[in-house]
Amino acid sequence: MSFPACRGVTLIEVLVAMLVFSVGLLGAAGLMVVAARSNQAAYLRTQVTFLAQSMAERMQANAIGVWNGDYNGNYPDASAQDCSGGCTPSQLAQHDRQRWSGQLKTFLPQGEASIACTTDGLSQVPGREQIALRPPYGGNCSIVVRWSERRIVDADALPQSFAWEFQP
């Protein structure tokens, strides 16, 4: 027994099913691209937070260098200082600037930063005895890190920044 009116219906159903499946796969592929870019953006923001925390800890370990303003300025910095044999606070700050500049270049696309510390009206750098008292620094510092990040929608790079205020 044959059904002449049903000939070719199965082929059309298969083609429609393939079309629906293809559209679903295109949507899934687009979603994977957005997820990959979002993951990269989250990675960069994690790196920025790590870098800012790292420099803040370096500054806390060198209070005299912070008081003298040795960390203030723009990064990356071309300064070079070897502290393997010991350093003054100013030389240690220069060494920290060099290391942090290298990390900015390594971990962030077009990474740059600036640090500014204010002393809240203090006219002289305290002695070692005074620095042992807490808080060691009467002012505030700000770290601003800038980098380039690709947007989720298109391939254009968008400048991003992270600002952090702290007291070392």
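Just so it is clear, none of the values below were taken in a lab; they were calculated from the coordinates. Model, not experiment: these values are computed from the prediction. Here Cβ is always computed from backbone atoms with ideal geometry, including for glycine, and neighbour counts include all displayed protein chains.
Numbers below:
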read-out	value
Efficiency of FRET from Cβ geometry, Val23 and Arg99, R₀ 41 Å, rounded to 0.05	0.20
Phi-based couplings in Hz for region 17-30 (Karplus 6.51, -1.76, 1.60; Gly and Pro marked x)	4, 5, 5, 4, 4, 5, 5, x, 5, 4, x, 5, 5, x
Extension reserve of the Phe50-Leu11 stretch, reckoned as 0.36 nm per residue once the Cα distance is removed	8.2 nm
Packing-based ranking, highest mean first, of 94-106, 32-44 given that Cβ atoms within 10 Å are counted	94-106, 32-44
Extension gain, Phe162 back to Val34 (0.36 nm per residue minus Cα-Cα distance, nm)	43.8 nm
Local electrostatic count, Ile115, Cβ distance below 15 Å [Lys/Arg +1, Asp/Glu -1]	-2
